[in-house]
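All of the numbers you see were taken from the coordinates with simple rules; none came from a lab. Just so it is clear, the structure is predicted and the values come from calculations on it, not from any experiment. So basically every Cβ, Gly included, is an ideal-geometry build from the backbone, and we count neighbours across all protein chains shown.
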Amino acid sequence: MAVESIDFTPMQLISTHPIKKSDLGFHANLFGGKLMAWIDAAGAAMAMEVADTPRMVTIKIDECVFKKPAKEGQLIKIYGIVSGVGNSSLTLYLEARAHNVYSGSQSVILSTNIKFVRIDENNDPIPISDRVRDKCKKS
């Protein structure tokens, strides 16, 4: 059986999750809410790393289309790339991919854009630094 080779856009690997029985929904597929939690946490980690601050909060997750089911025993790898920098926000494009440990092949099971805002101690938006903007332009 031939393995389909997919040319993925270069993205940063943010996290990897083995799918366990406790992660499954009613039809023995990965529960969508569990995947959304992993996406949000991975995106937050990347936003904090890129923006050099732990004070980043999710304000928007675009449409999420579940393209394929994922099953127990598979690995889910979440990749991301900065797709935009606003005054106080970062937008990331994220993909969750099912990873086949035998062949190394991957297939996208979900992709979305997610926006994070930098906040101060009062939870008010504050600007992204010029240093971070410059760093994002170079990558």
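The table below gives the values:
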{"quantity": "In the stretch 23-45, the residues that are over 26 Å from V82 (Cα atoms) and free of Cβ contacts under 8 Å to residues at least 24 places away in the same chain", "calculated": "G25, F26, F31"}
{"quantity": "Selected residue [hydrophobic (A, V, I, L, M, F, W, C), in a strand (DSSP E or B) and under 21 Å from S22 (Cβ atoms)] from I59, I76, I114", "calculated": "I76"}
{"quantity": "Hey, Y79 hydroxyl-bearing (S, T, Y), surrounded by 17 or more Cβ atoms within 10 Å (Cβ to Cβ), in contact with a helix residue (DSSP H, G or I) (Cβ under 9 Å, 6 or more places away or on another chain) and under 20 Å from E49 (Cβ atoms) or not", "calculated": "yes"}
{"quantity": "Top-ranked residue in the stretch 31-69 [being closer than 14 Å to T112 by Cβ and touching a Cys at 6+ places or on another chain (Cβ under 9 Å); ranked as surrounded by the fewest Cβ atoms within 10 Å (Cβ to Cβ)]", "calculated": "G32"}
